[in-house]
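Just below is one structure, and these are the notes that go with it.
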Amino acid sequence: HYIGRPQIALNFQQQRYEADFRHHLVRVREYSESIALDKGEPVERHLLGLRFSDVLGNYLKLINAQKRLTWFTAGFGQAAVVFPFIVAAPRFFSGAIQLGELMQIASAFGRVQDSLSWFVDNYSNLAAWRATTDRITSFEESFANLGTTQHDGEQAGGDAALAIDDLQLALPGGVPLLAAHGLRLAPGDTVLVKGPSGSGKSTLFRGLAGIWPWAQRALRLPADFATRAMFLPQRPYFPNGRLRDALAYPEPADQHSDAELQQALRDAL
């Protein structure tokens, strides 16, 4: 366990680095046209190279750890073959036991040793299993934390205004990011939110939309806010499928007639 224990952390990191590398490959494929138009191939190649270097470097460390464990297990197995003969050899050469008894001693010792060496022989598989279990457990804990970090205090009323009594936003690690309170927006009001990059402007809209888990909200919303409020994401999304499905998204297309969908296209011109 002392020799093979580093494999647990190395297997965990290997899964993480490989997942990061695959994720970046998918993003490069998804945004390939934008990258090509911006002449960003050298930058993306460099970033992919860095991630692949992490994968390769950790894999080499994992191989070295497996090599040390293999040396120990192989030496342990070979020593176990010779050990009973060394112990029983003095009695054999003195004539106290015969060759058959010597072989019986070696056979009995070998059976006991094989049964008790299961942990040694399977430690690499146990280390990989432990790393996978730790990774799945961390995912489960993350989802559990999501369920306990969001505290909504929404109150729908007849007022047509949107009132933010208290809105506190934090980063996933719990570090406070932004706080807003005492803000009331009536119909027709226009508000411009300004600030440096990373100050929480986009996160503010995520908090108002109710999709930011690390938020404490005390809001008073219009009665039809959930159905009529529209939030435009930074990146437009066009769902796959028929044109009528994209026009009606996120509602089912069969809830709208052809005339309504055609009118929506005309209104967008």
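Looking across the stretch 244-267, the residues that are open to solvent by 100 Å² or more (accessible area, probe 1.4 Å), part of a helix (DSSP H, G or I) and at pLDDT below 90 come down to D254, Q255.
Residues in the stretch 111-127 that are touching a helix residue (DSSP H, G or I) at 6+ places or on another chain (Cβ under 7 Å) and without any contact (Cβ under 8 Å) to a residue 40 or more places away in the chain: Q113 alone. Exactly one residue out of L219, L243, L247, L183 is closer than 30 Å to S142 by Cβ and hydrophobic (A, V, I, L, M, F, W, C): that is L219. I'd like to know if the stretch 95-103 contains one or more residues that are in contact with a Pro (Cβ under 9 Å, 6 or more places away or on another chain) and outside any helix (DSSP H, G or I). So far as the stretch 95-103 goes, yes, one or more of its residues are in contact with a Pro (Cβ under 9 Å, 6 or more places away or on another chain) and outside any helix (DSSP H, G or I). Out of the residues in the stretch 206-229 meeting the condition of being assigned to a helix (DSSP H, G or I) and closer than 18 Å to A186 by Cα, tell me which one is most open to solvent (accessible area, probe 1.4 Å). Applying the filter and picking the extreme gives R228. Among the numbered conditions (1) closer than 30 Å to A268 by Cβ; (2) loosely packed, with under 10 Cβ neighbours inside 10 Å, the only one that T203 does not meet is (2). The single condition from (1) surrounded by 12 or more Cβ atoms within 10 Å (Cβ to Cβ); (2) touching a Phe, Trp or Tyr at 6+ places or on another chain (Cβ under 8 Å) that P239 fails is (1).
Among residues of the stretch 73-108 being modelled with pLDDT of 85 or more and among the aromatic types (F, W, Y), the one that is farthest from Y2 (Cα to Cα) is F93.
Criterion applied to A89, A80, A108 was being among the aliphatic types (A, V, I, L, M), touching a helix residue (DSSP H, G or I) at 6+ places or on another chain (Cβ under 6 Å), part of a helix (DSSP H, G or I) and open to solvent by less than 70 Å² (accessible area, probe 1.4 Å), and the one residue passing it is A80.
The values are calculated or read from the model by the stated rules, or taken from the named source; none is laboratory data. Computed from a predicted structure; not experimentally measured. So basically every Cβ, Gly included, is an ideal-geometry build from the backbone, and we count neighbours across all protein chains shown. Surface accessibility is based on the protein's heavy atoms, side chains included, excluding ligands, DNA and RNA. Shrake-Rupley method; radii C 1.70, N 1.55, O 1.52, S 1.80 Å.
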